[in-house]
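Report on the following structure.
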Amino acid sequence: MKVIYRGSLVLAIAGAVSLAGIGLQTLANAASPAPASADTPTTLRLTPSQYRQSISDVFDSSIKINGRFEPEQRDQGLLAVGARTENFTDSGFESYYHIARGIAAQVVDTRHRATLIGCTPKSAASRDDQCAASFFKRVVPALYRQALNEAEIARSVETAGKAADQLHDFYSGVRLALTEMLVSPKFLLRYRNMEAAADRPGQERINAYDKASQLSYFLWNSTPDAELMRAARDGELNTQKGLEQQVDRLMQSPRVADGVRGLFADMFSFSDFESVSKDPAFFPRYTLLIKEQAQEQTLRTVVDHVVNKHGDYRDIFTTPNTFLTMDLAALYGVPVVDRTENGQPQRWVTYKYEDGNVRSGILSQASFTTLWSPSARTSATSRGKALREHILCQRVPPPPGNVEFKFVDDTGNPEFKTTRARLEAHRSEAMCAGCHKLTDPMGLSLENFNSGGEYRSTENGVVIDASGELNGKPYQGPQGLAKAVHDDPAATSCVAQRAFAFATGYVPPKDDRWRQIEQTFSQSHYDVMALLRAIALSDLAYSRLGV
Amino acid sequence: MKSSLENLSRRRVLRGMLAGGAVTVGLPIFDGLLNENGNAFAASGAPLPTRFASWFWPCGFSEQDWAPKTAGRDYELPRQLEALKPFKERLNLFSGSHVFLDGVANQTHFTGVQGLMTGKVTSSGDYFNSVDGVIADNIGSRSRFKSLVVVCDGDPKASWSAFASGKVPGEVSPMALYTRIFGPGYSDPNAATFVPDPETMVTKSVLSGISEQRADLSKSLGAADKQKLDYYFTALRSLEQQLEIQLQKPSPLEACSKPEEAKDDGHPLFLIEEGMVRHKLFCSLMTHALACDQTRVVNLAITQGMTGLRRDGDPTSHHSYTHEEPVDPVLGYQVKVAWFQRQYFENLRDYAAMLDSVKEGDKSLLDRSILFAFTDHSAPRLHSILNYPFITIGNANGAIKTGMHFSTPGDTAARVTLTMQQAMGVHVSSWGAGSNQCNSPVSGVLT
């Protein structure tokens with residue numbers, strides 16, 4: 001496994017290594033896929049959000065997932081890639097087992113059994129293979145995302161039957177057989193099996209059912225529905241016309257918002273909110289509810305912009321349109337009045353900032369400013385590093401050892417009252433400047449937002465200087481940063497890479513097929529929906545990757 | 001630890017249950033629990049187990065002034081270890097060893113631990129087979145849980161425990177840990193009766209159905225996916241083993257008792273005061289788990305190296321202070337940083353005392369353990385990977401000498417972790433790679 005690092009408050013570069021020459025080209029190369037390997041894993045573990053949505057779709061949205069999944073590992077910037085490269089651990093598998101037991105128990109409980117089992121056994125105290133078979137014929141293909149396999153059904157029926165005999169309970173038998181299915185690799189892993197292409201001698205193609213799974217988890221963040229499975233079974237997914245029909249159907253469904261939410265929650269690293277907390281002594285408005293709402297605000301903003309309006313992706317950094325609750329509005333100091341329903345303070349309402357407001361765009365939202373700050377104060381370096389890595393797909397080198405921090409040691413020095421002053425002192429050393437010049441100017445322009453996501457104009461009594469610089473171009477304040485990111489070609493390149501990796505588990509190869517996808521995205525005026533469609537229809541997404 | 005009598009009982013139980021309904025089997029409590037010397041189970045003659053408890057504290061000792069001037073027995077306990085004074089004769093201090101980079105960039109707060117815990121440094125961020133994982137692989141299969149891994153600050157990724165499959169995320173919730181160990185599936189070894197759970201037996205049988213499909217599951221996979229599947233089956237086997245142990249009547253354990261149910265849900269923490277409260281809860285749960293032989297290997301991390309823990313009312317974290325606090329010109333060290341470090345070591349002392357309060361025959365649980373303390377940087381102000389401090393408390397059932405300061409200037413830190421493995425009975429003669437590699441333990445530690 002690989003260990004991925006959160007941003008360091010203070011970066012430093014060893015004196016022996018001058019990074020003055022490190023430019024964005026070098027960093028972009030650092031973010032390129034690893035050297036081709038003859039054999040890398042191709043199977044992808046269901047992410048927790050995919051797992052949850054799959055269970056809801058196969059059974060019922062009332063089935064609760066009780067228990068904590070093993071934390072996911074981020075690789076190449078995405079959990080979706082980590083899902084391919086990470087292994088099972090003993091404790092992680094134990095978690096799957098307990099979650100599976102909880103799900104299976106609910107499926108057969110008295111509340112759900114009539115609808116989810118779909119038949120009543122002749123006797124609840126013994127096996128009933130006919131009833132069990134009708135249940136497994138529906139559930140096995142849905143969970144395993146494969147063609148109906150009679151031998152597989154028979155095996156599950158026999159497993160349930162034996163268990164029912166031993167425990168003298170039909171439902172216990174079904175429950176245990178279902179538990180086994182839910183911890184099986186056939187459910188937990190998504191496969192990308194390749195097979196000979198019947199219509200193209202000597203060439204290979206992805207298995208149609210695996211193609212259906214990839215499409216469905218990409219666009220809906222969930223398991224394929226019956227129609228997609230049918231298209232796989234009938235061979236339609238192997239034709240360009242059939243593929244187009246299914247892709248357009250999936251994209252016209254409201255459920256495509258789930259896929260987009262999955263992509264951007266992963267890209268913006270929202271899973272890291274799991275370990276974020278703020279000190280109420282400093283930030284009384286930052287609550288657990290705000291933590292949830294901050295993520296939701298950004299996802300709603302993105303979905304509205306890219307799905308509903310087919311807007312230019314770059315505008316998510318500058319858009320004045322967003323969604324707020326009363327709590328978020330209070331955090332932001334925005335005078336929102338919900339006139340729709342009295343007494344529902346957490347209702348989401350649309351909101352549009354006036355022109356030039358510092359709160360426009362997603363970078364000033366609490367989902368960004370609070371995620372990349374320690375519990376009680378800001379970290380311009382962490383914010384800048386996160387911008388580079390998560391928004392622009394550029395890698396910031398880690399700080400090496402044996403660095404002297406004398407320039408930031410003296411916090412009592414009246415010259416170093418603000419974060420900017422301390423970091424600039426630190427950055428005045430050539431050994432430190434290489435990395436910090438990549439992160440700090442961007443992070444410092446968000447200093448108007450404290451660690452709890454609130455606006456501030458001063459720090460320790462000194463007016464905050466929120467000027468910054470990106471790609472050698474100076475700008476002023478959060479609005480300037482938003483515009484600079486908006487205009488940086490790395491932003492659109494990054495989202496395109498992330499979307500492909502979210503779909504496949506692989507960083508795209510920089511070949512002509514990829515350039516064609518990028519061109520389609522560009523020609524659509526950076527309509528993310530056009531990007532997703534181009535990926536979903538490309539041969540590249542279904543080819544053997546990582547070789 | 002299971003005797004033939006216990007196996008026989010279990011088989012009878014299972015036969016009786018399968019024949020129709022569960023039966024209750026009465027077994028004598030404490031009847032011949034330990035042998036006359038109090039160092040082995042009387043029933044089986046098996047020696048009482050040795051346990052390994054690793055413990056991570058962040059940001060080392062702040063400056064390089066901590067190493068005692070003299071090695072051997074009569075050394076002066078440094079200021080940083082004052083809290084451990086009650087255990088001076090039962091602990092060892094290791095100083096002077098380094099992690100060697102061999103050209104790999106030092107990823108601060110990571111590469112040093114990677115080197116000392118796994119014996120290797122890599123630029124890729126790989127982290128496999130930490131010393132506690134290797135020990136658990138060797139001795140963990142005899143208990144219900146191969147190992148237990150916890151993190152006190154709410155971030156599961158702060159764990160430093162790893163097996164061949166990768167890093168093991170830490171359990172962050174004492175409440176969840178309590179349920180995992182002492183909830184459903186736990187059998188009191190001192191209970192008068194033992195009734196194996198019929199459902200557990202059937203579940204185990206059902207799960208075995210997956211293993212039967214192994215060849216089918218792997219037939220279309222390449223080598224990397226086959227290896228991934230191997231790790232899956234290793235994890236499945238571990239669960240099956242857990243169920244198997246739950247079906248056996250456990251040997252009576254005089255020192256075993258069930259702790260109070262923990263209520264802490266493991267939410268993220270930022271105050272060290274709260275972190276130390278949770279630390280105590282975790283230590284209590286793990287001490288009970290060790291005493292009840294639910295596991296023989298535990299790993300606790302207080303927080304990540306780049307810790308966000310700070311004092312109530314102060315916005316600056318321990319980690320930030322290591323870089324930003326000036327060295328006091330009179331005292332010669334960072335005063336605020338030293339305060340944090342003192343909190344950790346007072347809690348390490350309490351953990352040791354907790355283990356020592358559990359009596360197993362002629363020794364305490366601490367005597368039958370190694371409590372192994374390690375950190376990410378010796379002097380984090382400089383992100384230094386030189387002169388690492390290690391502390392061990394306990395003598396591993398007499399496998400190591402104690403009361404010593406072992407000074408090995410310029411040596412590889414991996415030699416200390418090799419020594420831990422050999423003390424725990426792992427048959428390994430070589431450990432690590434490149435300049436961190438070593439072929440013998442720290443001289444004079446093992447008895």
Is it true that some residue in region B:296-317 is assigned to a loop (DSSP other than H, G, I, E, B), more than 11 Å from chain A (Cβ to nearest Cβ), within 30 Å of B:ALA136 (Cα to Cα) and modelled with pLDDT of 95 or more? yes
Hits in region B:416-443 (condition: hydroxyl-bearing (Ser, Thr, Tyr) and assigned to a helix (DSSP H, G or I)): B:THR417, B:THR419, B:SER435
Run A:ARG347 past the list (1) basic (Lys, Arg); (2) assigned to a loop (DSSP other than H, G, I, E, B); (3) within 14 Å of chain B (Cβ to nearest Cβ) and report the number of the one that doesn't hold. (3)
Of the conditions (1) surrounded by 16 or more Cβ atoms within 10 Å (Cβ to Cβ); (2) touching a Leu at 6+ places or on another chain (Cβ under 9 Å), the single one that B:ALA191 does not satisfy is (1)
For region B:94-128, enumerate the residues that are hydrophobic (A, V, I, L, M, F, W, C), within 11 Å of chain A (Cβ to nearest Cβ) and either within 22 Å of the chain's Cα centre (by Cα) or part of a helix (DSSP H, G or I) (or both). B:VAL99, B:PHE110, B:VAL113, B:PHE128
When B:LYS120 is evaluated against the numbered criteria (1) more than 20 Å from B:ILE370 (Cα to Cα); (2) at pLDDT below 95, which criterion, by number, is the only one it fails? (2)
Enumeration of residues in region B:353-374 that are among the hydroxyl-bearing types (Ser, Thr, Tyr) and either within 14 Å of chain A (Cβ to nearest Cβ) or surrounded by fewer than 24 Cβ atoms within 10 Å (Cβ to Cβ) (or both): B:SER357, B:SER364
Filter pass, B:PHE340 being at pLDDT 95 or above, away from chain A (no Cβ under 14 Å), in contact with a strand residue (DSSP E or B) (Cβ under 8 Å, 6 or more places away or on another chain) and buried (at least 18 other Cβ atoms within 10 Å of the Cβ): no
What do you reckon, is A:SER271 touching a Pro at 6+ places or on another chain (Cβ under 8 Å) and either surrounded by fewer than 16 Cβ atoms within 10 Å (Cβ to Cβ) or touching a residue at least 12 places away in the same chain (Cβ under 8 Å) (or both)? yes
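Specify which of the listed residues (A:LEU148, A:LEU116, A:LEU188, A:LEU143) is closer than 18 Å to A:TYR97 by Cβ and either surrounded by 23 or more Cβ atoms within 10 Å (Cβ to Cβ) or away from every other protein chain (no Cβ under 12 Å) (or both). Spell out how you get there, then give the answer.
Values: A:LEU148 fails: closer than 18 Å to A:TYR97 by Cβ; A:LEU116 fails: closer than 18 Å to A:TYR97 by Cβ; A:LEU188 fails: either surrounded by 23 or more Cβ atoms within 10 Å (Cβ to Cβ) or away from every other protein chain (no Cβ under 12 Å) (or both).
A:LEU143 is the lone residue from the list that is closer than 18 Å to A:TYR97 by Cβ and either surrounded by 23 or more Cβ atoms within 10 Å (Cβ to Cβ) or away from every other protein chain (no Cβ under 12 Å) (or both).
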Only one of B:LEU177, B:LEU148 that is more than 9 Å from chain A (Cβ to nearest Cβ), in contact with a helix residue (DSSP H, G or I) (Cβ under 8 Å, 6 or more places away or on another chain) and either farther than 30 Å from A:GLY77 by Cβ or in contact (Cβ under 8 Å) with a residue 40 or more places away in the chain (or both): B:LEU177
Out of curiosity, is B:GLU274 assigned to a helix (DSSP H, G or I), within 22 Å of the chain's Cα centre (by Cα) and farther than 23 Å from B:VAL168 by Cα? yes
Checking B:GLU273 against (1) without any contact (Cβ under 8 Å) to a residue 60 or more places away in the chain; (2) touching an Asp or Glu at 6+ places or on another chain (Cβ under 8 Å); (3) closer than 22 Å to A:SER379 by Cβ: exactly one of these is not met. Which one? (3)
Here the residues within region B:151-174 that are more than 8 Å from chain A (Cβ to nearest Cβ) and of a type in the set (A, V, I, L, M, F, W, C) are B:VAL151, B:CYS152, B:ALA158, B:TRP160, B:ALA164, B:VAL172
Could you please find all residues in region A:228-250 being surrounded by fewer than 18 Cβ atoms within 10 Å (Cβ to Cβ) and under 26 Å from the mean Cα position of the chain (by Cα)? A:GLU244, A:ASP248, A:ARG249
Name every residue in region B:248-274 that is within 14 Å of chain A (Cβ to nearest Cβ) and hydrophobic (A, V, I, L, M, F, W, C), in order of residue number. B:LEU269, B:PHE270, B:LEU271, B:ILE272
If B:LYS228 satisfies all but one of (1) of a type outside the set (S, T, N, Q); (2) at the interface with another protein chain (Cβ under 8 Å from one of its Cβ atoms); (3) surrounded by fewer than 20 Cβ atoms within 10 Å (Cβ to Cβ); (4) out of contact with any helix residue (DSSP H, G or I) (no Cβ under 6 Å at 6 or more places or on another chain), what's the number of the condition it fails? (3)
Restricting region B:129-145 to residues that are without any contact (Cβ under 8 Å) to a residue 40 or more places away in the chain and not polar (S, T, N, Q), which is farthest from B:MET276 (Cα to Cα)? B:ASP137
Does B:VAL277 count as away from chain A (no Cβ under 14 Å), over 26 Å from B:THR50 (Cα atoms) and among the β-branched types (Val, Ile, Thr)? yes
Enumerate the pairs (first residue in region A:474-486 and among the polar types (S, T, N, Q); second residue anywhere and surrounded by 20 or more Cβ atoms within 10 Å (Cβ to Cβ) and assigned to a helix (DSSP H, G or I)) with beta-carbon separation below 9 Å, excluding pairs fewer than 6 apart on the same chain, so at least 6 apart or on different chains. A:GLN479/A:SER364
Would you mind stating whether B:SER220 is of a type outside the set (D, E, K, R), surrounded by fewer than 18 Cβ atoms within 10 Å (Cβ to Cβ), without any contact (Cβ under 8 Å) to a residue 12 or more places away in the chain and at the interface with chain A (Cβ under 7 Å from one of its Cβ atoms)? yes
The correct count of residues that are at the interface with another protein chain (Cβ under 7 Å from one of its Cβ atoms) and not in a loop (DSSP other than H, G, I, E, B) in region B:320-337 is 3
Out of region B:378-418, which residues are polar (S, T, N, Q), on the phi > 0 side of the Ramachandran plot and within 14 Å of another protein chain (Cβ to nearest Cβ)? B:ASN387
State whether one or more residues within region A:111-124 are touching a Pro at 6+ places or on another chain (Cβ under 8 Å), more than 16 Å from B:VAL206 (Cβ to Cβ) and not in a helix (DSSP H, G or I). no
Answer yes or no: is there a residue in region A:275-287 that is assigned to a helix (DSSP H, G or I) and either in contact (Cβ under 8 Å) with a residue 40 or more places away in the chain or hydrophobic (A, V, I, L, M, F, W, C) (or both). no
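The values are calculated or read from the model by the stated rules, or taken from the named source; none is laboratory data. As the structure is a prediction and not an experimental result, all values here were calculated from the model. When we count neighbours, we look across all protein chains shown, and the Cβ atoms used for this are built from the backbone with ideal geometry, even at glycine.
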